[in-house]
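Comments concern the structure below.
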Amino acid sequence: MRWYHHLYEGEKAKEKRYSIIQRIRGRKFQKGSYVITPPSNGNNVLDIYPSNILLLPCYRKSDLLVLGIAADYDEALEVAGRIVVDMYKRIGRPDIDEFLAAAESER
């Protein structure tokens with residue numbers, strides 16, 4: 001699992017950032033938190049997963065890039081919305097790969 005260098009966070013998740021990230025990295029159960037990642041297929045703009053799903057064996061082996069964290073589902077929707085708005089501001093269309101490449105080149 002990789003973490004986006006400009007990790008998006010919800011307001012409630014910001015308060016618990018350290019514990020959310022440590023529990024995800026430590027593969028420990030946590031209630032209610034979510035992660036936002038690039039889409040697993042070409043039909044989506046982003047994927048939102050409950051962080052507990054990352055405990056499943058198929059996700060342990062995957063190389064997910066975590067773009068954002070949220071303390072609950074509503075906050076995950078807000079964070080995903082912020083990512084999409086930033087994507088449109090930067091590149092003008094919903095293309096996560098191009099958005100990440102543009103963000104990396106500005107870095």
Looking for whichever is modelled with pLDDT under 95 and within 17 Å of A80 (Cα to Cα) here; the options are Y4, Y34. Which one fits?
Y4
Can you tell me which residue among D74, D63, D97 is of a type outside the set (K, R), modelled with pLDDT under 95 and either surrounded by 12 or more Cβ atoms within 10 Å (Cβ to Cβ) or under 23 Å from R17 (Cβ atoms) (or both)?
D63
Name the pairs whose Cβ atoms lie under 9 Å apart, with the first residue in segment 1-20 and among the β-branched types (V, I, T), the second in a helix (DSSP H, G or I), and 6 or more positions between them or separate chains?
I20/A13; I20/S51
Kindly list the number of the only condition in (1) within 13 Å of the chain's Cα centre (by Cα); (2) of a type in the set (V, I, T); (3) part of a helix (DSSP H, G or I) that fails for V45.
(3)
Mind checking which pairs have a first residue in segment 80-107 that is closer than 15 Å to V66 by Cα and a second that is among the hydroxyl-bearing types (S, T, Y) and outside any helix (DSSP H, G or I), Cβ under 7 Å, 6 or more apart or different chains?
R82/Y8; I83/Y8
Matching residues in segment 57-102 (in contact with a strand residue (DSSP E or B) (Cβ under 7 Å, 6 or more places away or on another chain) and either of a type in the set (A, V, I, L, M) or closer than 17 Å to S40 by Cα (or both)) number 12
Say whether the condition of being closer than 17 Å to R2 by Cα, of a type in the set (D, E, K, R) and exposed (fewer than 12 other Cβ atoms within 10 Å of the Cβ) is met by at least one residue in segment 28-43.
no
Could you list all residues from segment 45-54 that are surrounded by fewer than 18 Cβ atoms within 10 Å (Cβ to Cβ) and under 18 Å from A101 (Cα atoms)?
V45
Kindly indicate whether any position in segment 59-80 is hydroxyl-bearing (S, T, Y), assigned to a helix (DSSP H, G or I) and out of contact with any Pro (no Cβ under 9 Å at 6 or more places or on another chain).
yes
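The values are calculated or read from the model by the stated rules, or taken from the named source; none is laboratory data. All values derive from a computational prediction rather than experimental measurement. All Cβ positions, even for glycine, are placed from backbone atoms using ideal geometry, and neighbour counts span all protein chains on display.
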